[in-house]
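For reference, the structure discussed in these notes is given below.
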Amino acid sequence: MIAPIAYIPSLEESNDAHTKPILCLRQSPTYLVSGSSDGSVRVWSKKDRKLALGPLTGSLGKSFRAVAISEQLGVVIGGDTMGNVVVWRLEDGKQLLEQACHDHAILSFALREDMLVSSSKDQSAKVWTVDPAPNLPFRLQLRHTLQGHGMAVLSAQITDDRIYTSSGDKSLRIWDKESGELKKSFHVVSSLVQFHIRPGATNEQIVGACSDGTIRLYDLNDDNELARLEGHTSVAYALDVFPANTAGAGKDVLKIASASYDGTVRVWTLQQEKPFSSECLRDLSYSEAMKTPLPIEQAATDGEPENEKKGANRTMGVQVDGDRLYCCGEGAEIVVWDITTTTDDSKE
């Protein structure tokens, strides 16, 4: 096993750790943000691997399934299982807003500049303007409600002119960013639990973590599947796409980190010149690396990935920053690997 190089928080500061599974993970240049079924959102300093703020909570104490952070706007955002959005000021952790936004659990956020998209188990996604005007009450202004999916909306992404949503109904929908009008809908083989727009693509492409355990690359111009990465043995729940950083690597080399309910994280390279070729560079065991197991008690329903436990501590989130890979799931700690090394010597 490739040993982790660190834990967040460190094992010596375990009192700062979440007390129930960590369900989501996002990053900014300076921070990691984690949301948990313990009813808290926690902001960690990447540099120090310590809490940057005290635990952030809402009034209802519900699980947080979605988080977002913007250093530009100076806010941390959490979405809970009651459909509420809670916003805190990044500077000091002060709660700025708690607003009922959906009729069921919020499953993901997409945040770009001052636009926030929340996707929910209520089969809708909503588009908001984030308004942190100085000396005025913080506001979320509803711009559009995106409806049409037949099951839970699992993930969303924002580009310059479009919004993309995926659902447990095995569809991907593309919406006009300004009007909220549906532009296109197409069927996928397996539900995209989380997806990213492929950076730098000539054609419109997405890469998605799928409920059948695969990672799939689609060309949205002709609705073709371009590549399928296989290796996970359960739901691929989360992924991150990051620069290749390889000598001689061109723009057609894509690197992907995927996290699965099988208790592993895989790092892939995908060569996007016909014929497409891929390689699994790392197969990291979160189940073995995690120190404090915290199994999830409640099963997912209504279009979410099945939540069956088969001897593994499921991974629920992955983020990559340079040579560091951060992973969370059914454990109290965020596990950190150096994905440029193959040493088994832990530095924790």
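Only the coordinates and a few stated rules stand behind these numbers; no lab work does. The model shown is predicted, which means the values in this text are computed figures rather than measured ones. Cβ placement follows ideal geometry from the backbone for every residue including glycine, while neighbour counts extend to all protein chains displayed.
Any idea which of GLN99, VAL318, THR264 is furthest toward the positive side of the dipole for segment 6-338, if Lys and Arg beta-carbons carry +1 and Asp and Glu beta-carbons -1?
Of the listed residues, the answer is GLN99.
Can you compute the modelled spin-label distance between SER59 and ASP321, with each label point 7 Å from Cα toward Cβ, in nm?
3.3 nm
Please compute the modelled spin-label separation between VAL253 and MET1, points set 7 Å along Cα→Cβ, answer in nm with one decimal.
Taking the simple label geometry, MET1 and VAL253 are separated by 3.0 nm.
Compute the semi-axes of the equivalent ellipsoid of the chain, taking the square root of 5 times each eigenvalue of the Cα gyration tensor, and list them largest first in whole Å.
Values for the chain, descending: 27, 26, 19 Å.
What is the packing order of peptides 29-36, 62-69, 160-167, taking the mean over residues of other C-beta atoms within 10 Å and listing the highest first?
Top of the packing list down: 62-69, 29-36, 160-167.
Need one word for segment 143-208: rounded, prolate or oblate. Basis is the Cα gyration tensor (sqrt eigenvalues a ≥ b ≥ c); a/c below 1.5 gives rounded, then a/b vs b/c decides.
oblate
I want the local charge near ALA133. Using Cβ-Cβ distances under 12 Å, sum +1 for each Lys or Arg and -1 for each Asp or Glu among the other residues.
-1
Could you please rank ILE256, ILE296, placing first whichever residue has the fewest other Cβ atoms within 10 Å of its Cβ?
Neighbour counts put them in this order, fewest first: ILE296, ILE256.
Would you please give the residues with an amide H less than 5 Å from that of THR233, counting only those at least 5 places away or on a separate chain, with H modeled from the backbone geometry?
The list, which skips near neighbours in sequence, is ASP262.
Peptides 113-120, 183-190, 87-94: what's the order by average Cβ count within 10 Å, highest mean first?
113-120, 87-94, 183-190
For SER108, enumerate residues with amide H under 5 Å from its amide H, sequence gap 5+ or separate chain, H modeled in the peptide plane.
Excluding prolines and chain starts, which carry no amide H, the hits are SER119.
Roughly what would the spin-label model give for HIS187 and ARG139, points 7 Å off Cα along C-beta, in nm?
In this crude spin-label approximation the distance works out to 4.4 nm.
Report ³J(HN,Hα) in whole Hz for each residue of segment 124-138, in order, from the Karplus equation J = 6.51 cos²θ - 1.76 cosθ + 1.60 where θ = phi - 60°; Gly and Pro get x.
10, 10, 10, 10, 10, 9, 8, 10, x, 4, x, 6, 10, x, 5
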